[in-house]
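A short write-up of the structure that comes next.
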Amino acid sequence: MDFLDLFRRCEGLLEGHFELSSGLHSSGYLQCARVLQHPDHAATLGAALAEQAARVEPSVVLSPALGGVVIGHEVARALGVRALFAERRDGRLTLRRGFEIAPGERVLVVEDVVTTGGSTRETIDVATAAGGTVVGAATIINRGGEAVGFDVPFIALAQVSLPTYESSSCPMCAAGSAVSKPGSRTA
Ligand code: ZN
């Protein structure tokens with residue numbers, strides 16, 4: 001299955017010439033929520049990640065809120081294990097109250113999109129601090145490329161490279177292409 005095609009069909013991946021909220025220009029715009037709002041698509045993506053993650057034999061899934069919650073839940077469903085999440089409290093990612101990880105429990109960290117890997121690393125730390133053993137990390141989209149690495153096996157369903165440019169050095173602007181803002185209906 002071509003997962004990026006699913007993203008394109010749901011407008012979760014727009015390709016063109018965009019001005020992001022940061023003011024930077026990019027040739028693409030990624031929004032996992034556009035895809036994950038459809039429960040059947042979330043289930044499809046979750047099952048695909050679970051299929052690849054099964055070899056590390058996770059016994060629980062942990063995701064960072066909010067972006068990772070839906071896909072983490074679907075991966076856990078497909079694996080037949082619990083779905084936990086960590087949330088930001090006082091600026092620190094913390095295991096949600098009511099959730100526990102047993103000593104040595106095999107944790108799979110699941111996210112929707114990995115860019116620098118910072119959020120995944122933080123979630124790995126939460127799992128480790130809670131007593132778990134992190135056996136892998138998984139994401140629907142890796143947009144950080146080769147630069148993203150973890151100390152555990154890393155699974156991504158798709159790779160997306162979306163370089164950003166200052167408007168003054170944007171090659172698409174230089175080529176005379178009109179810029180649009182993602183999400184605007186005129187885009
Ligand atoms: Zn531009």
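The values are calculated or read from the model by the stated rules, or taken from the named source; none is laboratory data. On a predicted model such as this, the values are computed, not experimentally measured, just so you know. Please note: Cβ atoms are built from the backbone with ideal geometry, for glycine as well, and neighbour counts cover all protein chains shown. For accessibility, only protein heavy atoms count, side chains too; no ligands or nucleic acids. Shrake-Rupley method; radii C 1.70, N 1.55, O 1.52, S 1.80 Å.
Relative contact order, percent, of the chain when contacts are C-alpha pairs under 8 Å separated by at least 6 residues?
22 percent
Could you tell me what percent of the DSSP beta bridges with both partners in region 3-174 are antiparallel, to the nearest 5?
Details: 11 of 32 bridges.
Here the antiparallel bridges make up roughly 35 percent for region 3-174.
Against the longest principal axis of the chain, how steep is helix 118-129, in degrees 0 to 90 to the nearest 10, with axes from Cα atoms?
10 degrees
Any idea of T44's accessible area? Nearest 10 Å², probe 1.4 Å.
60 Å²
Using θ = phi - 60° and the Karplus relation 6.51 cos²θ - 1.76 cosθ + 1.60, list the HN-Hα couplings for region 146-163 in order, rounded to whole Hz, with x at every Gly or Pro.
5, 5, 7, x, 10, 7, 10, x, 10, 10, 9, 6, 8, 10, 9, 10, 10, x
Expressed as a whole percentage, what fraction of the accessible surface of region 3-174 belongs to carbon and sulfur atoms when a 1.4 Å probe is rolled over the protein heavy atoms?
Values: 4040 of 8260 Å².
Carbon-and-sulfur percentage of accessible area, whole number: 49.
Loop sites only, by DSSP: take the trypsin sites (Lys or Arg not before Pro) in the chain that have at most 11 other C-beta atoms within 10 Å and name the longest stretch containing none of them.
On the way: sites that count: R97, R185.
The segment 1-96 is the longest one with no such site.
Count neighbours as other Cβ atoms within 10 Å of each site's Cβ, and list the chymotrypsin sites (Phe, Trp or Tyr not before Pro) in region 125-168 that are DSSP loop with at most 16 such neighbours.
F150
For region 1-60 and region 128-187, what is the centre-to-centre distance using only Cα atoms, to the nearest Å?
Cα centroid of region 1-60 versus Cα centroid of region 128-187: 11 Å apart.
State the Kirkwood hydrodynamic radius of the chain in Å, one decimal place, computed from all pairs of distinct Cα atoms.
About 17.3 Å for the chain.
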